[in-house]
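*Asks:* Mind having a look at this structure? Questions to follow.
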Amino acid sequence: MQDWQQSLRQAMIDPMELAERFGIDSAPLQRVARRYPMRISPYYLSLIEGPGDPLWRQCVPDERELTDPTRSADPLDEERLSPSPAVVHRYADRVLLLVGGDCATYCRFCTRKRKLGCSTMTVSEEDLAAGIDYIASRPEVRDVLLSGGDPLLLEDDQLEAILLRLRAIPHVEMVRIGGRLPVTLPERITDDLCQMLRRFAPLYLNTHFNHPRELTPQAAAACVRLADAGIVLGNQTVLLRGVNDSAETQANLWRGLLRLRVRPYYLHHMDLVRGTGHFRTRIETGLDILQALRGPLSGMALPQYVIDSPGGKGKIPLLPEYLLSLGDQARLRTPGGEVIQFPNYEI
Ligand SMILES: *Cc1c(COP(=O)(O)O)cnc(C)c1O
Ligand code: SF4
């Protein structure tokens, strides 16, 4: 079997090649990929059955990315909430530490689309060291979320060095890794990686399955290896128009995740990120899905449906006490008590 580094080098980055393989016109793909790069791992590519299927839509450039009227490239104001280049600190007791500069497959709906495939996505040694120093200087931080990019694209020894430095900080009680490689590059989840990670309990890994067709035997084996190493697995799904915006699809996804020992954690409403507008549903779509499945599915299978409020005001659970009104401009209350408006229409 070839190693994961080799798979990664064989990722498809040329829209011409993709168009040829599926017998479609490459020009529109190329126009989009010049602005927002394409990258699809060989494994993820092998899961695509044809143009327009739910996996295709997640990773193949779409012309609507270029005409999206959404204004902000950084709606969550991550850059303002960044006390150090590799850190996003929005909640007192937990921080994001951006460690990994890249992803195995570029998701077209990525919140950090502004940086994907660009040099600004790479994190330097100095920035990483400054980020860890920042965490060490803030005794209120108990929980560090490694993000990026995909932290699991680091080599084992690089990741181990980061975990050792974090573990040496007395007030850091736990580490979470956010990463999509169980979905897009399951061969990365090697026994060596799992043996290394198992020493860092409590370690949580939130992965990112969006569709039941991603629950393959390879993905299942990756999740089981991680779970057997004592890593607690959760899943964050993004609600995507044309991909997973029905109760039936989500029910199959959430039940399937539990079979893989992965607990559904969040269902994210699409952020207002430029270039991703065609994926956004109305809030009602997510509410209807949860309403239809509350009861038919165990509470174990049901994630919390959340919107990340623009301007860095945090995640808002879409529950009655926070959802003041719908309509084309929904009114939401942040957990901090502030009332905000959120555009609630499809484009
Ligand atoms: C989502 C998020 C977290 C983690 O939030 P949880 O609700 O604890 O999962 C932490 N920091 C930032 C900036 C976030 O966006
Ligand atoms: S894996 Fe995550 S960070 Fe990477 S492109 Fe997909 S959504 Fe963005």
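*Asks:* For a Förster distance of 51 Å, can you work out the FRET efficiency between the beta-carbons of Glu20 and Ser298, rounded to the nearest 0.05?
*Replies:* After rounding, the FRET efficiency stands at 0.65.
*Asks:* Tell me, in nm to one decimal, what length is gained between Gln158 and Glu125 on full extension, where the rule is 0.36 nm per residue of separation less the Cα-Cα distance?
*Replies:* Additional length available on full extension: 10.8 nm.
*Asks:* Would you tally the net charge around Leu47, using a Cβ to Cβ cut-off of less than 12 Å, leaving Leu47 out, and scoring K and R as +1, D and E as -1? Write down the numbers at each step before the final one.
*Replies:* Working: positive: Arg213; negative: Glu49, Asp53, Glu214.
Its environment carries a net charge of -2.
*Asks:* How much of the DSSP bridge set in the chain is antiparallel, in percent, rounded to the nearest 5?
*Replies:* 40 percent
*Asks:* Let me ask something else. Enumerate the amide H contacts of Leu145 below 5 Å, restricted to partners 5 or more residues apart or on another chain; note that Pro and chain-start residues carry no placed amide H.
*Replies:* Placed amide hydrogens put Val95, Leu96, Leu97, Arg176 under 5 Å from Leu145.
*Asks:* Taking the convex hull of the Cα atoms, report for the range 4-343 its projected area averaged over all directions, in nm².
*Replies:* Answer in nm², one decimal: 16.4.
*Asks:* Given labels modelled 7 Å from the Cα in the Cβ direction, how far is it in nm from Asn252 to Gln329?
*Replies:* 4.0 nm
*Asks:* Quote the relative contact order of the chain in percent (integer), defining contacts as alpha-carbon pairs under 8 Å separated by 6+ residues.
*Replies:* 15 percent
*Asks:* Let me ask you something else. At R0 = 35 Å, how high is the FRET efficiency between Arg165 and Thr216 if r is their beta carbon distance? Nearest 0.05 is fine.
*Replies:* Given R0 = 35 Å and the Cβ-Cβ separation, E is 0.50.
*Asks:* When the Karplus curve 6.51 cos²θ - 1.76 cosθ + 1.60 is applied with θ = phi - 60°, which whole-Hz ³J(HN,Hα) does each residue of the range 206-212 get, with x for Gly and Pro?
*Replies:* Once rounded to whole Hz, the list reads 9, 9, 8, 8, 10, 8, x.
*Asks:* Can you compute the modelled spin-label distance between Ala227 and Arg198, with each label point 7 Å from Cα toward Cβ, in nm?
*Replies:* 1.6 nm
*Asks:* Moving to a separate point now. At 222 nm, what value in deg cm²/dmol follows for the chain if DSSP H runs of at least 4 each add -39500 (n - 2.57) and the sum is divided by all its residues, to the nearest 500?
*Replies:* Calculated at 222 nm, the ellipticity per residue is -8500 deg cm²/dmol.
Since every read-out is calculated from the coordinates, none of them should be taken as a lab result. Since we're looking at a predicted model, the values are computed, not measured. Cβ: placed from backbone, ideal geometry, glycine included. Neighbour counts: every protein chain shown.
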